[in-house]
Amino acid sequence: MELKASWLGEFFKHSVLIAGAIVVLLPFYLMLSYSLKSPSEIETNTGGFTGAQQIMTDSRCVKAGNAEEDCLMRPIVYNYTAAFKEAPLVRYMLNGVFVTVSIFIIQVIVALPCAYALSKLKFWGRDVVFGLVIFCLLIPVHAIALPLYIMLAKVGLTNSYAALIIPWTISVFGIFLMRQFFMTVPDDLIDAARMDGMSEFSIVWQVMLPTAIPALLAFGIFSVVAHWNDYYWPRVVITGNKDLMTPPLGLRMFKSDMDGNEYGPMMAATTVIVLPLVIIFLMAQRRFIEGITMTGMK
Amino acid sequence: MAGITLQGVTKAYGSQSVLNDINLDIADGEFLTLVGPSGCGKSTTLRIIAGLETQSTGDVFIDGSIVNETRPSKRDLAMVFQSYALYPHLTVHQNLITPLKLRDLTALERVPLFGHLMPERGKKMSIISSEVQKVAEILKIEPLLDRKPGQLSGGQRQRVALGRAMVRNPAAFLMDEPLSNLDASLRVHMRAELSELHRELKATFIYVTHDQAEALTMSDRIAVMMDGDLLQLGPPDEVYEDPTDIRVAEFIGSPKMNILPAICDEKGSINCLGQKIKVALKDKTKQSLSIGIRPEHLVLQSGAKSSFSGLLTYKENLGSDVFLHLDIGLETQKVVIRTDPQDANSAKIGDKISFGASPNKYLVFDANGKRIDARGRGNS
Ligand SMILES: Nc1ncnc2c1ncn2[C@@H]1O[C@H](COP(=O)(O)OP(=O)(O)OP(=O)(O)O)[C@@H](O)[C@H]1O
Ligand SMILES: [Mg+2]
């Protein structure tokens with residue numbers, strides 16, 4: 001009896017989890033599938049996951065005055081070449097890399113010393129400052145978007161990389177996360193470094209930073225994903241200058257550029273944009289999970 | 001090499017006072033042990049000497065000059081921490097060269113990549129490497145140089161921590177319970193090694209422990225601390241045989257000293273557990289006293305008149321000695337007698353045992369726990 005009950009329980013648990021996984025994965029499945037199929041297959045919803053990959057003619061290529069024989073290609077090739085040809089996708093992605101990496105590096109440069117001070121140094125008002133950090137965690141970015149925009153506009157920084165980067169350089173979440181991690185670093189280690197003759201500044205970069213790699217990696221994933229995928233803020237500060245667009249913003253322009261139902265190339269572009277994140281995550285996965293459990297357990 | 005002096009050092013955290021007026025004079029090359037129960041302020045004292053904590057009042061002198069404002073790294077001291085505190089991301093070799101690099105290289109020479117271009121760096125680094133090599137040889141950690149601290153056993157880590165202190169060739173070594181993470185046999189072994197190291201280096205050692213046996217075996221002098229007070233400072237024999245305070249008497253020695261309640265009347269005759277004991281006090285006033293006797297000074301006496309007696313509750317056989325635990329009818333106090341195994345043979349649990357001691361072995365303490373100068377007369 002008992003065995004059966006637990007079997008049922010396991011079955012139930014797994015069904016729920018599998019259903020959840022399907023709900024989460026379905027959009028990605030569709031994205032990938034559409035990026036492989038021809039327009040007619042997408043429209044009629046045939047061809048399974050990969051589509052039949054029958055040779056098709058590129059209507060735009062023909063319109064541009066080429067001979068029909070020159071415009072024959074397989075749907076997968078058509079979708080992905082169109083994605084790169086129709087919009088400066090590479091440029092968008094380089095923008096995205098530059099912006100997210102800059103944000104992350106500056107966030108670390110700001111957050112580590114703050115977290116170190118908040119966790120390991122004793123000074124008057126420390127708890128109040130930490131309280132403010134927690135309070136800032138509660139403020140949604142959208143609430144301060146307008147003042148931020150006005151400030152940037154006043155100093156003439158809209159439509160620049162600076163506008164994309166500066167507002168995110170102080171991450172209270174990063175400070176909070178690193179502070180919690182630093183709390184678990186034994187005081188003796190810091191005292192030993194002081195005895196060895198390290199300045200407080202070197203302690204942060206030579207002792208705390210290396211021990212905090214797992215936590216930093218976890219924070220890095222959060223930060224990079226959030227800013228790589230961010231649509232809202234680039235939309236606010238980048239008005240017109242296409243050269244500064246980040247991938248999500250570019251994607252939107254891409255959509256309005258292309259005529260109506262060109263889902264294939266669009267999904268191909270989306271796939272290309274999502275891919276770096278997936279690769280980074282898979283590479284960092286083990287240490288990332290380590291980082292989260294380490295900050296969570298102690 | 002340097003002597004270290006503390007003058008009137010106090011420390012308070014907020015309103016809680018942790019150290020009260022500590023005065024210590026540590027000679028150059030001395031092995032001084034700070035010993036006391038947990039929370040008595042040993043680590044705090046050590047950290048004040050190291051400069052990791054600032055005293056509330058008082059002065060610290062190293063080599064005759066005042067160092068109250070001097071940064072830890074400029075005091076030329078090295079510290080070994082209880083948790084070893086090795087850099088977890090660096091190999092043993094890197095752990096050992098870090099303090100030397102910080103001391104001997106200029107800031108420019110320490111810059112990664114760029115520093116290698118500085119002309120003096122190569123020469124300095126080779127000196128540093130040979131220093132590290134020498135220390136690694138002394139401590140027998142050469143095979144471990146390429147490992148990270150996480151891949152070492154507790155004893156090996158302890159050696160590396162010691163090595164990191166030694167490479168700097170400091171004026172004094174500060175050690176905060178460096179052996180407490182080791183198992184019993186390794187601890188005994190390391191005690192001997194530390195003593196030997198001290199003889200070889202001839203440096204000042206300040207050693208913190210809560211283990212009185214460690215303090216007795218290794219030190220030139222012991223400083224017994226309790227509740228933030230420095231109770232007694234002296235060579236191990238003196239502290240053991242001549243404790244000035246009942247708390248010192250009870251803390252030093254294992255098993256603990258036997259403390260028996262006694263009453264002194266106006267005529268100066270002392271009554272302890274119904275027995276008159278032959279000890280003369282200078283100050284003949286009516287007062288309550290405590291009499292302390294070490295377990296090894298108690299002897300079994302069969303049928304003598306003026307002896308104490310108690311019921312044997314437990315025989316603790318250590319092979320070379322046997323400790324007899326006696327119930328003498330007091331709730332809080334048992335008496336422990338150290339005897340030879342032959343003498344203890346006949347004693348059975350539940351037997352009534354008579355015992356006594358020669359009066360010159362009695363230590364008399366007043367009601368406040370302070371030692372009273374008292375002279376015992378004759379051999380019981
Ligand atoms: N930062 C602090 N704030 C408040 N009280 C403290 C602080 N650090 C230490 N204390 C108190 O000071 C007292 C002495 O601490 P200390 O660490 O010197 O003890 P210890 O003798 O080394 O004990 P142990 O053998 O357990 O290491 C303790 O009662 C402790 O609670
Ligand atoms: Mg301590």
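Among the trypsin sites (Lys or Arg not before Pro) within the stretch B:94-174, those in coil by DSSP and having at most 16 neighbouring Cβ atoms inside 10 Å are B:K140, B:R147. Surface analysis of the stretch A:148-292 yields an accessible area of 44 Å² per residue, using protein heavy atoms and a 1.4 Å probe. Here the Gaussian network model covers chain B, with springs between Cα atoms less than 10 Å apart; of B:L289, B:L174, B:L330, B:L330 fluctuates the most.
Sequence-ordered 3J(HN,Hα) estimates for the stretch A:117-123 from the Karplus curve with 6.51, -1.76 and 1.60 and θ = phi - 60° stand at 4, 6, 9, 10, 9, 9, 8 Hz, glycine and proline given as x. Taking the accessible area of the stretch A:28-81, probe 1.4 Å, and keeping the other protein chains in place, the carbon and sulfur fraction comes to 58%. Across the alpha-carbon atoms of the protein assembly as shown, the computed radius of gyration and Dmax are 37.9, 133 angstrom. No disulfide-compatible partner, judged by a Cβ distance under 4.7 Å, exists for the following cysteines of chain A: A:C114, A:C136. Applying the criteria of a DSSP loop state and at most 13 other Cβ atoms within 10 Å to the trypsin sites (Lys or Arg not before Pro) of the stretch B:217-293 yields B:K267, B:K282, B:K284, B:K286. Based on alpha carbons, the Rg and Dmax found for the stretch A:32-140 are 26.1, 78 Å. Using the Cβ-Cβ distance between A:R126 and B:I372 with R0 = 56 Å, the FRET efficiency computed as 1/(1 + (r/R0)^6) comes to roughly 0.65. Taking Cα atoms only, the orientation of helix A:2-34 departs from the longest principal axis of chain A by about 60 degrees. Between the listed residues B:A50, B:P37, B:M79, the Cα displaced farthest toward the positive end of the dipole of the stretch B:31-140, a dipole computed from Cβ unit charges relative to the Cα centre, is found at B:M79.
Each 10 Å bin from 0 upward holds the following percent of the Cα-Cα pairs of chain B: 5, 19, 24, 21, 15, 9, 4, 2, 0. Shielding by partners for peptide B:168-175, expressed as the average number of C-beta atoms from other protein chains within 10 Å of each residue's C-beta, is 1. Note on the stretch A:149-164 and the stretch B:29-91: Cα centroid distance 52 Å, given to the nearest whole angstrom.
Total buried accessible area between B and A, probe 1.4 Å, nearest 100: 1500 Å². Within the accessible surface of the stretch A:89-257, defined with a 1.4 Å probe on protein heavy atoms only, the carbon and sulfur portion equals 72 percent.
Beta-bridge orientation, the protein assembly as shown: approximately 75 percent antiparallel, per DSSP, counting only bridges with both partners inside. In the stretch B:38-82, comparing the full protein assembly with the chain on its own, the residues that lose 50 Å² or more of accessible surface at a 1.4 Å probe are B:L52, B:F81. Applying a DSSP loop filter and a limit of 10 other Cβ atoms within 10 Å to the chymotrypsin sites (Phe, Trp or Tyr not before Pro) in the stretch A:1-85 leaves A:F49. Interface residues of the stretch B:96-119, defined as a loss of at least 50 Å² in heavy-atom accessible area between the chain alone and the complex of all protein chains with a 1.4 Å probe, are B:L102. Here the Gaussian network model covers chain A, with springs between Cα atoms less than 10 Å apart; of A:F135, A:F104, A:F176, A:F135 fluctuates the most.
Helix B:121-139 and the longest principal axis of the Cα set of chain B meet at an angle near 30°. A straight line joining the Cα centroids of the stretch B:325-339 and the stretch B:141-214 runs 38 Å.
Measuring between alpha carbons in the structure, the pairs from B:K284/B:K361; B:K282/B:K370; B:K256/B:K352; A:K120/B:K134 lying more than 26 angstrom apart are A:K120/B:K134. Is the shape of chain A best called rounded, prolate or oblate, per the rule: a/c under 1.5 gives rounded, else a/b larger than b/c gives prolate, else oblate, with a ≥ b ≥ c the square roots of the Cα gyration tensor eigenvalues? It comes out oblate by the Cα gyration axes. At full extension, B:E296 and B:K148 could sit 48.5 nm farther apart than now, given 0.36 nm per residue minus the alpha carbon distance.
Within the listed set B:G39, B:G155, B:G14, the Gaussian network model of chain B (springs between alpha-carbon atoms below 10 Å) gives the highest mean-square fluctuation for B:G14. Where a ≥ b ≥ c are the square roots of the eigenvalues of the C-alpha gyration tensor, would you call the stretch B:232-360 rounded, which needs a/c under 1.5, or, failing that, prolate if a/b is larger than b/c, or oblate? Oblate, since a/c reaches 1.5 and b/c is not below a/b.
Think of a 1.4 Å ball rolled over the protein heavy atoms: chain B then has 47 Å² of accessible area per residue. How much of the accessible area of the stretch B:1-147, probe 1.4 Å, is carbon plus sulfur, in whole percent? That fraction is 54 percent.
The values are calculated or read from the model by the stated rules, or taken from the named source; none is laboratory data. As the structure is a computational prediction, the values presented were derived from the model and not from experiment. When we count neighbours, we look across all protein chains shown, and the Cβ atoms used for this are built from the backbone with ideal geometry, even at glycine. In case anyone asks, the SASA skips ligands and DNA or RNA and just uses the protein heavy atoms, side chains included. Shrake-Rupley method; radii C 1.70, N 1.55, O 1.52, S 1.80 Å.
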